[in-house]
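Structure record follows, encoded as structure tokens.
Only the coordinates and a few stated rules stand behind these numbers; no lab work does. Since the model is a prediction, treat every value here as computed from it, not as a measurement. In this analysis, Cβ positions are derived from the backbone assuming ideal geometry, glycine residues included, and neighbour counts consider all displayed protein chains.
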Amino acid sequence: MKSCLLIIKSLLLTILFQLTFLLIYGQDIPAPEGYVILEEKEGDLNKDGIPEKVVVFNTNDSTDVGTIREIQVYKKSGNKWELLTSSKNAIGKSEDGGMGGDPFESIEIKGGVLIINQSGGSSWKWFKTDKYRFQNGRFQLIGVINNYGRPGEYFENIDFNLLTGKLVFKKEYENDEQKIYKKQNETFYKKGMKIFLTDRTLNEIKILTPKYKNEIYL
């Protein structure tokens, strides 16, 4: 009899926990009318022990290069989702990938960092990963990884840590047989750059490498 009561009590506690979780975390976000969710993830971004929700939307606004995307970050306020920040320029439009199609690949939350992955191109292909951390009340870009190139021409890789300013640049030139015949590797520091989720692509960001004078676009 006692064991049965313990089982019933355990079941009631489990149900109560599930109901509480649904009331707090199962609520729909207040998505704008006409928006369609592409992807959403949850994770603790502001280190308060409570998961935030990140949502990528197809908006109801179109341009000559496709539909505008908006990323929104929500935090918990009581049992409701409250908009923390948003950006319509951190993710490419639906046709910004060129022949490669939709550039948006995925969002991730790892170790309190928001990661956005995108790619595109045709014969010349590009891949980009942006990493953001919530600090001083804003989502600041802390890391960029870019890959760009075409077989038989060259491939370049940029790994830029904006917190330390360290930028690692690698470039490999290929002949028509796709064999590497020249390499350019350099590591240098570009400190003091502050870029945020809200204004990620509002201004062109160009860096000239000191040794080989390659132009890097972030």
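Here are some notes:
- Theoretical FRET efficiency, 1/(1+(r/R0)^6), r = Cβ-Cβ of Lys213 and Val113, R0 45 Å, to 0.05: 0.90
- Relative exposure of Asp64, Asp96, judged by other C-beta atoms within 10 Å (fewest first): Asp64, Asp96
- Cα-based Rg / Dmax (Å) for the chain: 22.2, 81
- Segment 38-59 residues near the modelled Ile29 label - backbone nitrogen below 15 Å, point 7 Å along Cα→Cβ: 38-46, 51-59
- Phi to ³J(HN,Hα) by Karplus 6.51 cos²θ - 1.76 cosθ + 1.60 over segment 70-82, Hz, x for Gly, Pro: 10, 9, 10, 10, 10, 10, 7, 10, x, 10, 10, 8, 10
- Relative contact order (%) - criterion: Cα under 8 Å, at least six apart; region: segment 27-217: 12
- With a Förster radius of 25 Å applied to the beta-carbon distance between Glu42 and Asn89, the computed FRET efficiency rounds to 0.60.
- Cα long-axis angle, helix 2-25 against the chain (0 to 90 degrees, to the nearest 10): 50
- Stokes-Einstein D in µm²/s, Kirkwood radius over Cα pairs - segment 103-172 at 10 °C with 1.306 mPa s viscosity: 121
- Here the peptides 103-111, 77-85 are ranked by packing, the mean other Cβ count within 10 Å, and the order with the highest first is 103-111, 77-85.
- Distant-in-sequence amide H partners of Phe196 (H built 1.01 Å from N, under 5 Å): Leu141
- Mean projected area in nm² (Cα convex hull; one quarter of hull surface) for segment 109-218: 7.7
- Amide H contacts for Lys166 (H built 1.01 Å from N in the peptide plane; partners 5 or more residues away or on another chain; cut-off under 5 Å): Asn161, Lys190.
- Listed residues Ile205, Leu83, Asn161: farthest to the positive end of the dipole of the chain (Cβ charges): Asn161
- Here the contact order of segment 156-212, divided by its residue count and restricted to Cα pairs under 8 Å and six or more residues apart, works out to 29 percent.
- Surface/4 estimate of mean projected area, convex hull on alpha-carbon atoms of segment 164-212, nm²: 5.0
- Contour minus Cα-Cα distance for Glu204 and Phe188 (0.36 nm per residue): 3.7 nm
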